[in-house]
1. Taking THR80 as meeting all but one of (1) β-branched (Val, Ile, Thr); (2) surrounded by 13 or more Cβ atoms within 10 Å (Cβ to Cβ); (3) more than 12 Å from the chain's Cα centre (by Cα), write down the number of the exception.
2. Could you look through the stretch 28-56, keep only residues that are among the charged types (D, E, K, R) and assigned to a strand (DSSP E or B), and pick out the one that is nearest to the ligand (Cβ to nearest atom)?
3. So, of the residues in the stretch 63-77 that are closer than 17 Å to ILE38 by Cβ and not in a strand (DSSP E or B), which turns out to be nearest to the chain's Cα centre (by Cα)?
4. For ARG85, which of the numbered conditions (1) exposed (fewer than 15 other Cβ atoms within 10 Å of the Cβ); (2) away from the ligand (no atom under 15 Å from the Cβ); (3) in contact (Cβ under 8 Å) with a residue 24 or more places away in the chain fails to hold?
5. Suppose we filter the stretch 1-20 for residues that are over 12 Å from the mean Cα position of the chain (by Cα), assigned to a strand (DSSP E or B) and surrounded by fewer than 18 Cβ atoms within 10 Å (Cβ to Cβ); how many remain?
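Values quoted throughout were computed directly from the atomic coordinates according to the rules given, and no laboratory measurement underlies them. The structure displayed is predicted, hence computed values, not measured ones. Counting neighbours? That spans all protein chains shown, and the Cβs are built from the backbone with ideal geometry, glycine included.
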Amino acid sequence: MRFIALDKLINLHDGYRREFRVEYQRLLLLQHEGERYIVEALCPHLEHPLMEAWLEGGELLCPLHGYRFSLLTGRLIEATREDCRPLRVWPVAYEGPDVGISWTDG
Ligand code: FES
């Protein structure tokens, strides 16, 4: 596992949302109500970009069909159509002035 820096901690604030690509994976780093999260950038349902997602409490809501996921665990909380897999989430990692992800190769 290796640390990959995504941004400087000083740049983060509530409302922060930025997309990154780590190897094949598109990720979103976001801060909401003082908490920071890293989630996959496309909805697990039909791959709508989650850059446009709504955040409510600890939940992320995809605007396309209204599926709701836990920001903390990625669990699918509510589906308006067929179920889909959970949202992939990663713990936020810190190293010095950087915020990033602990990434496992392969
Ligand atoms: S694409 Fe996100 S809920 Fe359907």
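1. Looking at each condition in turn, THR80 falls short on (2).
2. GLU40
3. Checking each candidate, the answer is LEU71.
4. The failed condition is (2).
5. 6
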